[in-house]
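The values are calculated or read from the model by the stated rules, or taken from the named source; none is laboratory data. Note that the structure is predicted; figures quoted are calculated from it, not measured. As a convention, Cβ positions derive from the backbone with ideal geometry for all residues, glycine included, and neighbour counts pool all protein chains shown. In case anyone asks, the SASA skips ligands and DNA or RNA and just uses the protein heavy atoms, side chains included. Shrake-Rupley method; radii C 1.70, N 1.55, O 1.52, S 1.80 Å.
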Amino acid sequence: MTASEDAAETSARGRTWRDIDLRAVAPFAALALLLIVGALVNPNFIGLNNLANVATRSAFIAIIAVGATFVISSGDLDLSVGSMVAFVASIMILFMNSGAIADPSLMLAAAVALTIIIGAGCGLANGLITTVGRIEPFIATLGTMGIYRGLTTWLSQGGAITLREPELQTLYRPAYFGTILGVPVPIVVILAVTIVAAFVLYRTRYGRHVVAVGSNSDVARYSGIPVNRVRTIAFVIQGVCVAIAVLLYVPRLGSTSATTGILWELQAITAVVVGGTALKGGAGRVWGTICGAFILELVGNIMLLSNFISEYLIGAIQGAIIIIAMLVQRSLVRKS
Amino acid sequence: MNPDVADGAPVVLAARRVSKSFNGVQVLFSVNFELRAGEIHALMGENGAGKSTLVKILSGFEQPTSGEILLDGQPTKLPPNGQAEALGIVIIHQEFNLAEHLTVSESLFLGREVTRFGVLDRKFMRAETRRVLDQLGSHVDENALISSLSIADKQMVEIAKAISRDARIIFMDEPTAVLSREETNYLFRQVRKLRERGTSFVFVSHKLDEVMELTDRVTVLRDGQWVKTAPTSILDGESIAQLMVGRELSSLYPAKQEPSVDEDVMLSVAGLSTQYVQDASFDVRKGEILGFSGLIGSGRTELMEAVAGLRSRTAGEVSVRGTPVPAGDVHAANRVGIAYMTKDRKHKGLLLNSGMTANLTLQSLDRHGEHGYLSPKSEAAALERARRRFDIRVRDGRVVAGRMSGGNQQKLLLAKVMETEPDVIIIDEPTRGIDVGTKQQIYHFISALARDGKSIIVVSSEMPEIIGLCTRVAVMREGRIVGILEGEEISEQEIMRYSAGLKKKTAA
Ligand SMILES: Nc1ncnc2c1ncn2[C@@H]1O[C@H](COP(=O)(O)OP(=O)(O)OP(=O)(O)O)[C@@H](O)[C@H]1O
Ligand SMILES: [Mg+2]
């Protein structure tokens, strides 16, 4: 019987350390490390102002990446998000320029609703093409990526689409530049979106279905889960997240062009992967994704504040980050 | 017993005081094991006793936490990840792992491809594959993709792969769990032939009759500890079972309970056809256990999947309590209370990377909260209940399903399906990979469900199970129901006659 007592003892010891899931912790450890590096590079870096700035600027990618977490967890991929931002933003501005509604507040409310609907619609189109059309998500969204981008170019006739009504501009500006209880609105929005997303993914039936479909769609089907519906809804969630990002984007510059959102899909996917979500589906980490988006933005910020790396290398560094994240993920999987 | 395996035959592989822990949870306690040249050694024990773990340690797939491995009497550290193959040690895994996108002959020669003038000699490899498969009496096409094979055929390929490698020591972890009796016979013939040549085998199985028939010695493990090693000839099924469970087993099957004739018909299937199944008709009454027997490939699973809405049907009606169930709609089938438990637990049954709770409640999430919101408390309670009810034994409650022992995975799958509280329960191979003690529990459990007024269909390739459990037995052959047997007719010979096509009666 001493043998099993031994076992009980070792298991008690082993447990505390196994409670830490390395994969979940890794992105936050990386974030902490970056903060330390940044502070060493430039003392201004660690200031509350600078950090709030960084967080605010990461809002677009962070919110889009939250949507991507759903799509990727369910085993799909959406390459069209960058083009979708440009397309949805163009429609929103064109609608506000149309003068269809005289009252500015009403007009703004209608524009917000329209934006969400168009975003959801774009996501729905992606979802239906992949599921009902049975086309690989990579190819399907590569196609819609071209379509949304092309439509934007056509709508803008190759130039920019700019919000003209000054009254609307003033009314809408605080949505990006304002603060709530001293916290910049974009940060509040990031938090709200993430909390809702985490709740949906971890605490609802739908979230469980997403993970099941992503880890093994046969098992999901045999368990009576409507696989295609679950996947399609994930694309719709992605579309809505893109729309929310657009709602923050439009008041910032008040204009869009055919080059808006280029390569954002790459950044969103990077944020998701850096955050610890498996690219092959079956596990989603919403908070990790947010952490990943911050990391991307922080790296850029550190490069700007430091003098020894050219900021023109940002793209290359971000590309390297996704590869490193994959390597780290794989080595952690092997160890556990 | 093989006369060559005298007590003096040299020991080729041995484990000395081997212990193993996973993440601080100990699963093997100072186990001793000896394998002699030219013997077939059975390794027995309940689900989770540590058989697969010991086999993995002896073949290098896991390293012992303490203790040593002796190869030909020399302490050895076996190389990991199947590299022990170079030393002549080959393993057929319980949860087999074939690359799905390769053809049969490619996977047979994986890692030791034959070349001629630097170019792959596909012709030779195909011919060689054919030869090995023929020896095993398998009709699998050597050019077929692994992904297109049934589980039984995949198992045959896995066996062919091991046998073709000229090994001195072959570990077989429940190789026959998915095979038909005929395929098993072919396998045993090959195993005996190789034994004559001095190959040693370790054979893990829960089928006591096979162990009695094939093996020379038996080692029994219980709760990760060595219990006994003895020649098979001095043991019998009963005594092995007792050693495994550590207590006396009462009768395996509960008393049969015929539902009364005027009991309502719960499930009615009329003229159902799919691509393969033709014109299947049968009824199941309330409280009845209907068996489905037949050779592998006779269409039982396809028929059941069509009944459960997992597969489309080309003709026919399915109704529950007189209400028709729409075709190809799992949801509709679930709503009227039909549940199907797949026999392919690894690919269709369990999420191998998720924990027990997520698997258990996957099919019944509606029960654990309102408006789509889940209550962790209610889920935890469900897991507690299921673990008790189905005796799911894990040493670490947070283990992912893929790392549970095979038998405990099966119990978890059964528990998962039962969570939906179905009225019509279709169980495809209920006790695949389950030890005798648990088998008995599951049979009693099925019988209790029937007494509660549930209707149960048991699809099984294990004849004793069908005979011991069912009050009526449908036999399928080549996609058709060739007979439905009742009462005295239910016997091994009679069922065999129908499934071999020697006898036939129009379905009732
Ligand atoms: N990689 C692993 N990580 C954690 N626990 C493991 C791992 N592999 C096995 N175990 C645990 O070790 C114990 C013994 O498992 P093992 O697979 O050896 O049982 P078994 O005797 O083969 O049972 P069965 O008859 O059900 O196949 C189980 O409790 C199992 O959960
Ligand atoms: Mg096992």
Practice task
Any chance you could check the Cα centroid distance between segment A:268-328 and segment B:146-214 for me, in angstrom?
Solution key: 49 Å
Problem - Gaussian network model of chain A, springs between alpha carbon atoms under 10 Å - residue of A:V246, A:V227, A:V273 with greatest fluctuation - result: A:V227
Problem - Shielding score for B:386-398, defined as the mean number of other chain Cβ atoms within 10 Å - result: 1
Practice task
Go through B:116-129, B:413-426 and give me the packing order, highest mean Cβ count within 10 Å leading.
Solution key: B:413-426, B:116-129
Completion exercise
Buried by partner chains in segment A:215-231 (accessible area down by at least 50 Å² vs chain alone, 1.4 Å probe, heavy atoms, protein only) are A:V219, A:R221, A:Y222, A:S223, A:G224
Practice task
Pull up the cross-link candidates among the lysines for B:K454, meaning alpha carbon to alpha carbon under 20 Å and not fewer than 8 places away within one chain.
Solution key: B:K256, B:K286, B:K411, B:K416, B:K439
Handout entry: For segment A:193-264 versus segment B:390-407, the gap between their alpha-carbon centres in whole angstrom
Key = 33 Å
Fill in the blank from the handout: Row for segment A:83-215, column shape: gyration tensor on C-alpha, a ≥ b ≥ c, rounded if a/c < 1.5 i.e. under 1.5, prolate if a/b over b/c, else oblate; value oblate
Completion exercise
Interface call, segment B:23-42: threshold 10 Å², probe 1.4 Å, accessible heavy-atom surface of protein chains, chain by itself vs complex, result B:N23, B:G24, B:V25, B:Q26, B:F29
Fill in the blank from the handout: So for chain A, using the alpha carbon gyration tensor with a ≥ b ≥ c as root eigenvalues (a/c under 1.5 gives rounded; past that, a/b versus b/c decides prolate or oblate), I'd call it oblate
Problem - Rel. contact order, % - alpha carbon contacts under 8 angstrom, at least six apart, chain B - result: 16 percent
Practice task
Return the calculated 222 nm mean residue ellipticity for the protein assembly as shown, to the nearest 500 deg cm²/dmol, obtained by summing -39500 (n - 2.57) across DSSP H runs with n ≥ 4 and dividing by the residue count.
Solution key: -15000 deg cm²/dmol
Completion exercise
For segment B:113-127, Karplus-derived ³J(HN,Hα) couplings (6.51, -1.76, 1.60; θ = phi - 60°; whole Hz; x for glycine and proline) come out as 4, 8, 10, 10, 6, x, 10, 4, 9, 4, 4, 4, 5, 5, 5
Completion exercise
In whole angstrom, the spacing between the Cα centers of segment B:459-508 and segment B:270-330 equals 16 Å
Exercise for the section: With springs connecting C-alpha atoms under 10 Å apart, model chain A as a Gaussian network and identify which of A:L201, A:L114, A:L106 has the largest mean-square fluctuation. Expected result: A:L106
Practice task
May I ask you to give the percent of accessible area on segment A:21-166 that is carbon plus sulfur, with a probe radius of 1.4 Å?
Solution key: 72 percent
Handout entry: Summed buried accessible surface, chains A and B, 1.4 Å probe, nearest 100 Å²
Key = 2700 Å²
Problem - Gaussian network model of chain A, Cα within-10 Å springs - most flexible of A:P226, A:P251, A:P166 - result: A:P166
Handout entry: Mean separation of Cα contacts under 8 Å, 6 or more apart, over the residue count of segment B:44-144: relative contact order %
Key = 18 percent
Handout entry: Accessible heavy-atom area order of A:Y222, A:Y206, highest first, probe of 1.4 Å
Key = A:Y206, A:Y222
Handout entry: Amide H within-cut-off set for A:I161, under 5 Å, with H built and near neighbours excluded
Key = A:T256, A:S257
Practice task
Measure off, as a whole percent, the carbon and sulfur share of the 1.4 Å-probe accessible area of segment B:5-245, all protein chains present.
Solution key: 50 percent
Exercise for the section: May I ask for the percentage of alpha-carbon pairs in the protein assembly as shown that lie more than 39 Å from each other? Expected result: 50 percent
Handout entry: For segment A:241-256, 3J(HN,Hα) per residue [Karplus equation, 6.51 cos²θ - 1.76 cosθ + 1.60, θ = phi - 60°, Hz, x = Gly/Pro]
Key = 4, 4, 4, 4, 4, 5, 4, 8, 6, 4, x, 5, 10, x, 7, 9
Completion exercise
Probe 1.4 Å, heavy atoms of protein chains only: per residue, the accessible area of segment B:193-313 in Å² is 42 Å²
Problem - Segments A:231-244, B:395-408, A:171-184, A:91-104 sorted - mean Cβ within 10 Å per residue, highest first - result: A:231-244, B:395-408, A:91-104, A:171-184
